[in-house]
Amino acid sequence: MALGLWQAGRAAEKRAAQTQLEHISVRGEFLPQHTVLLDNKLRRGRAGYEVVTPLKLAGSAMHVLVKRGWIAAGATRNELPEVKTSRGEIAVEGIVREHLPRVLQAGPAQRGKLRQNLAVEDFAVETGLALLPFVIEQHSRADDGLLREWPRVDAGAEKNEMYSLQWYSLAALAVALALALSFRKIEK
């Protein structure tokens, strides 16, 4: 029964996270020389990279990392794809994320254009940029050829609800079985 309650709670947490999203609109200029490609990102069955570029905010010395979208990998791992980046001041709309998703990484953190993970604080130290402590997941359109199909925040809530139902069913079966066996002993 407790496992059913736990799964139901997880589903509720995922649904609540969807309502707590903070939408944001900023203006600024991308710094393409600091673009990072996050490796091993699959979309539609193809290997590729998530593109992250710092944006210098208009009228400010501050910057923010923008998770711009996904781009397919080249024919070989030695060829990094060319990422189109708008020049000049642009508007970016999206959702505020506390950080970029992390994957398990053996060894020390990587530097350079191609990486597994990217932590805002470490990147700020590495580049010397004054970065805000969050990331914008871009949802606005841009003529850059990047795919912006982000997973929903509540993704997986249905799975938790189904697991919850399975645990409740198993608990009900256990109770029914216990009752049936106890009545059987009484009859003998």
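The values are calculated or read from the model by the stated rules, or taken from the named source; none is laboratory data. Note that this is a predicted model, so its numbers are computed, not measured. All Cβ positions, glycine included, derive from the backbone under ideal geometry; neighbour counts span all protein chains shown.
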Problem set entry | Candidate set from the stretch 54-80 (those that are over 19 Å from Arg27 (Cβ atoms) and free of Cβ contacts under 8 Å to residues at least 40 places away in the same chain); member that is surrounded by the most Cβ atoms within 10 Å (Cβ to Cβ) | Ala73
Seminar exercise, completed: In the stretch 61-79, anything of a type outside the set (D, E, K, R) and at pLDDT 90 or above is listed as Ala61, Met62, His63, Val64, Leu65, Val66, Gly69, Trp70, Ile71, Ala72, Ala73
